[in-house]
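The values are calculated or read from the model by the stated rules, or taken from the named source; none is laboratory data. Not measured: the values here are computed from a predicted model. FYI the Cβ positions are ideal-geometry reconstructions off the backbone, even for glycines, and counts take in every protein chain you see.
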Amino acid sequence: MRRLPVPAATAAVAAAAALSLTGLTGCGTTHSAADESVKTTDSASASASGPITLTDASGTRVSLDAPATKVIGTEWNVVEDLVSLGVDPVGVADVKGYTDWDKAAPLKNSPKDIGTRGEPSMDTIAALSPDLIVATTDLTASAVTQLRKIAPVLQMRSADATDQIGLMTTSLDLIAQATGTTRKATEVKQAFDAKLAEGRKALADAGLAGTPYAFGDAYVQANQVSIRPYTSGSLIGNVNERIGLTNAWKVKGDKDYGLATTDVEGLTGLGDIRFTYIANASDGDPFADALAKNAVWKSLPFVKAGHVSRLPDGVWMFGGPASMEAYVDAVVAALTK
């Protein structure tokens, strides 16, 4: 069975979580917080057609003669941002994987597959003659150095468990400035804010405000089911809290993605909660299949109460505003059915 994908090159996270996988409280606006390592200069917004200078998450100044139009994305979240901003990327890492896992922002063109997210093909990228390559800090420093010899590289911080939503929207803004699509970025963020408010109201109206809730995914290796909790520090966890749910996970997530690891016995302390998970048709469903006859799983209060729901395929757990909107719709539908 294939293992669930995570953002590329998260070796430290995978080791800490024992997973080798190929994903704010308050009620204010989502785009007021910013990752201070991602900064822009005044010239970035000075003109939608003139020169642009940006400082990316690595502290590198990136200069463009004009807004980029031939753009390559080496990670799925930045590809989703490009598509959401109306920019059709000319190259995408693992096109099939993106198509399977991120259905909230489907590709509108037929970009060239540039290889894997962790090891993109330099020759393929060079042949595309891009104006800009958008990468993340999950990509190795040596790979980024090679990419910078081909074209300007705008590097985004991959994740930040202290403020995932703030980082998500800040990254969207930076890509928008590089591509001359800041007005569209504002529309995307406004739609995201509206979706959070809509989801929060729907759950409150259903009497579910503050409901203890856990989201996870899982994979099977050597006949053992490993479960990955999405703690309060994860992007999913941030969204859960913004729509009024209480994260039931008691384990601590890593400092970047807010992810942890456990097994079925680790679920016994969750109590009577609501539980949802994500799977994918091509990877199978460990919860419905591998745990179907597991005595511990069947004894869990939320399993016995029928409070377990599989969310629809194609919601990318580490995506941008479009994926998180799809997630909100899926969670509300699952909890209010």
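Values computed for the structure shown
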| quantity | calculated |
| --- | --- |
| Selected residue (criterion: farthest from A330 (Cα to Cα)) from residues of the range 72-94 that are acidic (D, E) and buried (at least 24 other Cβ atoms within 10 Å of the Cβ) | E75 |
| Residue match in the range 211-223 (condition: assigned to a loop (DSSP other than H, G, I, E, B) and polar (S, T, N, Q)) | yes |
| Among the residues listed as D163, D102, D113, the single one being of a type outside the set (A, V, I, L, M) and in contact with a strand residue (DSSP E or B) (Cβ under 7 Å, 6 or more places away or on another chain) | D113 |
| Pairs where the first residue, in the range 258-269, is at positive phi and the second is surrounded by 24 or more Cβ atoms within 10 Å (Cβ to Cβ) and assigned to a helix (DSSP H, G or I), C-beta under 6 Å, 6+ apart | G258/G237 |
| All positions within the range 106-121 that are under 18 Å from L82 (Cβ atoms) and surrounded by 15 or more Cβ atoms within 10 Å (Cβ to Cβ) | L107, P111, K112, D113, I114, G115, R117, P120 |
| Residue check, G258 in the same structural domain as D329 (by TED's automatic domain parsing), under 17 Å from the mean Cα position of the chain (by Cα), of a type outside the set (F, W, Y) and farther than 26 Å from T336 by Cβ | no |
| So A333, is it over 22 Å from A159 (Cα atoms) and assigned to a loop (DSSP other than H, G, I, E, B) | no |
| Per-region count, the range 286-314, residues among the charged types (D, E, K, R) and at pLDDT below 95 | 3 |
| Number of the exception - T262 against (1) in contact with a strand residue (DSSP E or B) (Cβ under 9 Å, 6 or more places away or on another chain); (2) surrounded by fewer than 19 Cβ atoms within 10 Å (Cβ to Cβ); (3) among the polar types (S, T, N, Q) | (2) |
| Residue in the range 248-256 that is at pLDDT 95 or above, of a type outside the set (A, V, I, L, M) and touching a Lys or Arg at 6+ places or on another chain (Cβ under 6 Å) present | no |
| Odd one out for A326, checked against (1) in a helix (DSSP H, G or I); (2) farther than 19 Å from Q164 by Cβ; (3) of a type in the set (A, V, I, L, M, F, W, C); (4) out of contact with any Leu (no Cβ under 8 Å at 6 or more places or on another chain) | (2) |
| The one condition in (1) part of a helix (DSSP H, G or I); (2) in contact with a strand residue (DSSP E or B) (Cβ under 9 Å, 6 or more places away or on another chain) that I227 fails to fulfil | (1) |
| Qualifying positions in the range 47-64 - surrounded by fewer than 13 Cβ atoms within 10 Å (Cβ to Cβ) and either modelled with pLDDT under 50 or in contact with a strand residue (DSSP E or B) (Cβ under 7 Å, 6 or more places away or on another chain) (or both) | S47, R61, S63 |
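One line per residue, one yes/no per condition, for (1) modelled with pLDDT under 95; (2) in a helix (DSSP H, G or I); (3) among the basic types (K, R); (4) surrounded by 18 or more Cβ atoms within 10 Å (Cβ to Cβ):
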| position | (1), (2), (3), (4) |
| --- | --- |
| K96 | no, yes, yes, no |
| I150 | no, no, no, no |
| I165 | no, yes, no, yes |
| T170 | no, yes, no, yes |
